[in-house]
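The values are calculated or read from the model by the stated rules, or taken from the named source; none is laboratory data. This is a predicted model, so every value here is computed, not measured. Positions of Cβ are backbone-derived with ideal geometry, glycine not excepted, and every protein chain shown enters the neighbour counts.
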């Protein structure tokens, strides 16, 4: 989420091999259900990005689709403009572990500078936790959000990612696991892309902001930033977008 501006730390962390761990989503976790089908989606230009953008989303789309009902996200942009799509989907101030799970289909990946997959949760103390992750063509890593002085920033991670190199017109399965402390310190655990698991290293940082949102609010976010300084357009499809919490 770039509602408050963007600051990317370009220092890459070239770390040792992946740590041991589990990528199993517990059977007792609570599923959001398919958020692709939600009627609550809204969208707007992210003023934290340069340029401009205009977006649209539609549902259901029969083709391409994993199950006959995908959601299309489309946007036009100028000068790297970013469009953010967001939907409120529940209320839970107590869950501490989350897995963002979805299938993504990019028509022309070369148009995508950043693909952002986020969620937010308002804790019992009223602070909003930003579980922010994006695949960035700038740092060429999966980046994660940290905050200083109630302002979020992006930090490059040890895990390579570049949306512009994703295969076009193909479904890609993305799963991102994160958890938080009671004070909103977030740790990114692992990301699984098309079955390949990678473990984040040194990604524990404060990510709780005072935004005045309602207690327990849960929000899902999808954002695209344009790759070019001129004009361009992005079309993508999401299917089986589910967030698990426990």
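Looking at 97, 45, just one residue is under 20 Å from residue 191 (Cβ atoms), at pLDDT 95 or above, in contact with a strand residue (DSSP E or B) (Cβ under 6 Å, 6 or more places away or on another chain) and surrounded by fewer than 22 Cβ atoms within 10 Å (Cβ to Cβ), and that residue is 97. The set of residues from the range 141-176 being free of Cβ contacts under 8 Å to residues at least 40 places away in the same chain and closer than 28 Å to residue 70 by Cα comprises 160, 161, 162.
Restricted to the range 172-246, the set of strands (runs of 3 or more DSSP E) holding at least 1 residues that are touching a helix residue (DSSP H, G or I) at 6+ places or on another chain (Cβ under 6 Å) and modelled with pLDDT of 95 or more comprises 217-226, 231-245. Of the residues contained in the range 41-52, one or more are found to be in a loop (DSSP other than H, G, I, E, B) and either in contact with a helix residue (DSSP H, G or I) (Cβ under 9 Å, 6 or more places away or on another chain) or more than 23 Å from residue 232 (Cα to Cα) (or both).
Between residues in the range 99-122 that are over 23 Å from residue 61 (Cβ atoms) and residues that are at pLDDT below 95 and surrounded by fewer than 21 Cβ atoms within 10 Å (Cβ to Cβ), which pairs lie under 6 Å by C-beta distance while being six or more apart or on different chains? What qualifies is 99/25. The set of residues in the range 74-92 that are buried (at least 23 other Cβ atoms within 10 Å of the Cβ) and assigned to a strand (DSSP E or B) comprises 75, 77, 82, 83, 84. Condition check for residue 131 on (1) surrounded by fewer than 22 Cβ atoms within 10 Å (Cβ to Cβ); (2) not in a loop (DSSP other than H, G, I, E, B): one failure, at (1). Please work out if residue 95 is in a strand (DSSP E or B) and within 22 Å of residue 207 (Cα to Cα). Criteria not met by residue 95.
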